[in-house]
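Peer 1: I have a structure here, written as structure tokens, and I will follow up with some questions on it.
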Amino acid sequence: MISLRNLVLRRSAKVLLDRTSVTITPGEKVGLVGRNGVGKSTLFGLLNGSLHEDAGDFSFPRQWRLAQVAQDMPETEDGATAFVIGGDTRLTELRAALEAAETRFAADPNDEEAGMAIAHVYSDLADAGEHDASARAQALILGLGFGVHELEQPVNSFSGGWRMRLQLARALMCPSDLLLLDEPTNHLDLDALVWLEAWLKSYAGTMIVISHDREFLDAVTSVTLHIDNAQLVRYGGNYSKFEEMRSEQLLLQQAAFAKQQDKIAHLQKFIDRFKAKASKAKQAQSRVKAIERMEKVAPMLATADFEFAFKEPERLPNPMLSITGADFGYVVEGAPRVIVRKVSRSVLAGQRIGILGANGQGKSTVVKTIARDLNALGGTITEGKGLTIGYFAQQELDVLRPQDTPLEHMVRLAREAGGASREPSGEQALRGFLGSFNFGTDMIRQAVGTMSGGEKARLVLAMMVWQRPNLLLLDEPTNHLDLVTREALAMALNQFEGTLMLVSHDRALLRSVCDEFWLIGRGTLAPFEGDLDDYQTYLLEESKRLRDEARSSEPTRAKVAVH
Ligand SMILES: Nc1ncnc2c1ncn2[C@@H]1O[C@H](COP(=O)(O)OP(=O)(O)OP(=O)(O)O)[C@@H](O)[C@H]1O
Ligand SMILES: [Mg+2]
């Protein structure tokens, strides 16, 4: 059992948890939820031992084995399968022990102890599942969307998003009693997501998962822990059930609050009337006491709602872009590798295009090329006069400078824009601007490296809005954002007057802000006439086709990983 009693957890000046208690029983599947920056990831730090409580008690079964997804980008030449097997710490230890014993035995074949050690390690290895370790690792890798031809490719050869998937596979490979997952769905597309849900449902240990994805939480959790007002509150249900229970609770609380306020007002009236009268002073005094004694019901806290808007673009070139016979792709060791070919399309002012396509088909490549981060490999892309691009890249959070504060980022942005931007750029104005994105006085001076994932994503959005773009290129902008901020983004995008090109796995967002879709697949780009349900069907069929093709294909097939 995991138990927290009167626990206090701080990060510099912020009190994230303030004398809160909760228990988690073995085998429970828990969703840990709350707004960006409330301390969910920090709580994982306590559970995995990298942080300590500031007060109160925290207890955790000593013998429990813990598995979690490493947050760093793996850098190794090891093949994908070997890397994932490495996640099984017990197996890795035993393999090292075997090697040591074998070395000893080779040096001295009469070393009986070494001989015995070898025999022991072999039996332990069998218990640890050595015989099918490769097969288990590969099932995880394939389940997370990799092709058969990629099983032995070096980890370094994969793009960032795919390497993070390997990190996830590595965590799942590790036998564990407690599994900690911090936003595991951020790098996954639909079919990998469905696979992960199925895997987690059959996981036998205790699991705590942080996520802002309602459907995913509903599928895999049955208990919800909500961090709110520095308290951990436990709800015995999945996310939807939690929302239901919480809104009922808030209504009840609101009613109780109103009732109490009436009562206080009544007593107060009596006090006001009689406090000057000597004969009644005592009664008045006792009512003052009565008010003081009342256990105050807190008013329902209006959750600090958040809204923002894109500014009206200074001009709207039309067309924004003319793409003629363009090839999109990469240059690998001097040789062009085309992924999407012969695209001819115009992008007009005010168009709102959702860019669809299965993983690895080239969505990000096309967007990156339009954003001028990559060159077109053929054909031309002509930009309208006065085009200002606002680009939110999937790896955008990496471009923030961890040592710098939000204010320093804005100051730099303003300086780089020079006179080109007509936005107010004095420090005072920049502070005010950051304030409108919920970066208060403390946060504008906090190093970006210590901020939570959602806070960083919000900063990137703020920087983009400040640049007053007329063409928005958004590649998976909602990863990390909490639900309130996602809604604020959808609202802002709906009011945006420029042109929008959006890549997203968030179907609710695509549905609410796009008028038309482009589909990238099998090396081409074409308008997609169906709706998002048709698209989901398409995706599932396409991933099956790709897998079948990979199984029968020649080993030299080019890898097309875009993320
Ligand atoms: N070293 C630090 N110094 C100052 N503040 C910190 C530090 N580390 C974390 N914080 C702050 O503590 C708060 C909690 O961070 P945490 O990463 O736990 O949030 P989270 O709930 O996981 O949010 P998200 O949903 O955005 O991932 C944030 O406001 C963050 O800025
Ligand atoms: Mg977090």
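The values are calculated or read from the model by the stated rules, or taken from the named source; none is laboratory data. Computed from a prediction, not measured in an experiment: that's the story for all the values here. All Cβ positions, even for glycine, are placed from backbone atoms using ideal geometry, and neighbour counts span all protein chains on display.
Peer 1: Could you check residue 222 against (1) in contact (Cβ under 8 Å) with a residue 60 or more places away in the chain; (2) within 16 Å of ligand 1 (Cβ to nearest atom); (3) not aliphatic (A, V, I, L, M) and say which number it fails?
Peer 2: Answer for residue 222: the failing condition is (2).
Peer 1: Shifting gears a bit: Would you pick out the residues in segment 36-49 that are within 7 Å of ligand 1 (Cβ to nearest atom) and surrounded by fewer than 19 Cβ atoms within 10 Å (Cβ to Cβ)?
Peer 2: 41
Peer 1: Also, I was wondering about something else. When residues of segment 429-443 are filtered for being modelled with pLDDT under 90 and either in a helix (DSSP H, G or I) or in contact with a Ser or Thr (Cβ under 6 Å, 6 or more places away or on another chain) (or both), how many remain?
Peer 2: Residues in segment 429-443 being modelled with pLDDT under 90 and either in a helix (DSSP H, G or I) or in contact with a Ser or Thr (Cβ under 6 Å, 6 or more places away or on another chain) (or both): 0 in total.
Peer 1: Go through the residues of segment 446-461 one by one and say whether even a single one is in contact (Cβ under 8 Å) with a residue 12 or more places away in the chain, more than 16 Å from ligand 2 (Cβ to nearest atom) and within 21 Å of residue 355 (Cα to Cα).
Peer 2: Yes.
Peer 1: Same structure, new question: Consider residue 56 against the criteria (1) within 16 Å of ligand 2 (Cβ to nearest atom); (2) on the phi > 0 side of the Ramachandran plot: it satisfies all of them except one. Which criterion is unmet?
Peer 2: (1)
Peer 1: Could you tell me which residue of segment 169-185 is farthest from residue 477 (Cα to Cα), considering only residues that are within 13 Å of the chain's Cα centre (by Cα) and either assigned to a helix (DSSP H, G or I) or among the charged types (D, E, K, R) (or both)?
Peer 2: Applying the filter and picking the extreme gives 182.
Peer 1: Can you pull out the residues in segment 181-217 that are free of Cβ contacts under 8 Å to residues at least 12 places away in the same chain and either of a type in the set (Gly, Ala, Ser) or within 15 Å of ligand 2 (Cβ to nearest atom) (or both)?
Peer 2: In the first step, residues of segment 181-217 are kept if they are free of Cβ contacts under 8 Å to residues at least 12 places away in the same chain; the result is 194, 198, 202, 215.
If the condition is that a residue be free of Cβ contacts under 8 Å to residues at least 12 places away in the same chain and either of a type in the set (Gly, Ala, Ser) or within 15 Å of ligand 2 (Cβ to nearest atom) (or both), then 198, 202 are the ones that fit.
Peer 1: Another question about this same structure. Please pick out the residue among 482, 475, 442 that is touching a strand residue (DSSP E or B) at 6+ places or on another chain (Cβ under 9 Å), within 16 Å of ligand 2 (Cβ to nearest atom) and acidic (Asp, Glu). Lay out the reasoning, then the answer.
Peer 2: Details: 475 fails: within 16 Å of ligand 2 (Cβ to nearest atom); 442 fails: within 16 Å of ligand 2 (Cβ to nearest atom).
Answer to the check: 482.
Peer 1: Scan 470, 479, 438 and give me the residue that is more than 9 Å from ligand 1 (Cβ to nearest atom), closer than 17 Å to residue 41 by Cβ and of a type outside the set (Val, Ile, Thr).
Peer 2: Details: 470 fails: closer than 17 Å to residue 41 by Cβ; 438 fails: closer than 17 Å to residue 41 by Cβ.
Only one candidate passes the filter, namely 479.
Peer 1: Of all residues being assigned to a loop (DSSP other than H, G, I, E, B) and in contact with a strand residue (DSSP E or B) (Cβ under 7 Å, 6 or more places away or on another chain) in segment 186-214, which is surrounded by the most Cβ atoms within 10 Å (Cβ to Cβ)? Just the residue, please. Working first, answer last.
Peer 2: Residues of segment 186-214 assigned to a loop (DSSP other than H, G, I, E, B): 186-189, 202-205, 211-213.
If we keep only those that are in contact with a strand residue (DSSP E or B) (Cβ under 7 Å, 6 or more places away or on another chain) too, we end up with 203, 205, 211.
Working: 203: 15, 205: 17, 211: 21.
Here the answer is 211.
Peer 1: Now for a different question. Kindly evaluate residue 217 against the criterion of being surrounded by fewer than 17 Cβ atoms within 10 Å (Cβ to Cβ), assigned to a helix (DSSP H, G or I) and modelled with pLDDT of 80 or more. Full working, then the answer.
Peer 2: Details: surrounded by fewer than 17 Cβ atoms within 10 Å (Cβ to Cβ): no; assigned to a helix (DSSP H, G or I): yes; modelled with pLDDT of 80 or more: yes.
For residue 217, the condition - surrounded by fewer than 17 Cβ atoms within 10 Å (Cβ to Cβ), assigned to a helix (DSSP H, G or I) and modelled with pLDDT of 80 or more - is not met.
Yes/no matrix, rows are residues, columns are (1) surrounded by 14 or more Cβ atoms within 10 Å (Cβ to Cβ); (2) at negative phi; (3) β-branched (Val, Ile, Thr); (4) at pLDDT 85 or above:
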residue	(1), (2), (3), (4)
238	yes, yes, no, yes
241	yes, yes, no, yes
247	no, yes, no, no
252	no, yes, no, no
275	yes, yes, no, no
297	yes, yes, yes, no
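Peer 1: Of the residues 15, 30, 84, only one is farther than 16 Å from residue 234 by Cβ, surrounded by 13 or more Cβ atoms within 10 Å (Cβ to Cβ), more than 11 Å from ligand 1 (Cβ to nearest atom) and touching a residue at least 40 places away in the same chain (Cβ under 8 Å); which? Outline the logic, then answer.
Peer 2: Values: 15 fails: more than 11 Å from ligand 1 (Cβ to nearest atom); 30 fails: farther than 16 Å from residue 234 by Cβ.
One residue alone meets the criteria, 84.
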